[in-house]
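Written below as structure tokens is the structure these notes are about.
Just so you know, all these numbers are worked out from the coordinates, no wet-lab data involved. Given the structure is predicted, the values throughout are model-derived calculations rather than measurements. Quick reminder, even Gly has a Cβ in these numbers, built from the backbone with ideal geometry, and neighbours come from all protein chains shown.
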Amino acid sequence: MWRLFRSCFWVAVLDGNVVGIVAARGNEEDNTLELRRMSVDSKYRGKGIAKALGRKVLEFAMLNNYSSVVLGTTAVKVAAHKLYESLGFKHVGIVEHYTLPGMTHSLLERVFFQLRYHRYRLQLREE
């Protein structure tokens, strides 16, 4: 299926200031849309901005006939995981000892950056 847009980027603006961002990137091979880089300025958290941004990505996915939306996160804050679940995402796995792109795998990095990478999926329709 051909789509006009495969990726998109949104910003949340409040009183003339950018207070949040989110991006989405489509994957034609498995008809998924990946939610990426969601962030809200710490001064504006708890006001529903992240949820509104997440809903925007889900709306984009439905309008463009993606079968599911996926995301991965190294977030350690419980609030971030609760947000994804409140949007309908299901936790589908953890990658232990995840390394961020650009890491050198040095001993120091392995000691201090033992990250857990959580994967989530929201199935919109069956393929």
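Within segment 23-73, the proportion of Cα pairs with more than 13 Å between them is 57 percent.
Any chance you could run the full-extension gain for residue 119 through residue 17? It's 0.36 nm times the residue separation minus the Cα-Cα distance, nm to one decimal. Kindly include the intermediate steps, with their values, before the conclusion.
Values: separation 102, 0.36 × 102 = 36.72 nm, distance 3.09 nm.
Gain in length upon complete extension: 33.6 nm.
Just to verify a number: FRET efficiency for residue 25 and residue 96, C-beta to C-beta distance, R0 = 30 Å, to 0.05? Plugging the Cβ-Cβ distance into 1/(1 + (r/R0)^6) gives 0.75. A cut-off under 10 angstrom between Cβ atoms defines the neighbours of residue 89, and their net charge, with Lys, Arg +1 and Asp, Glu -1, is +2.
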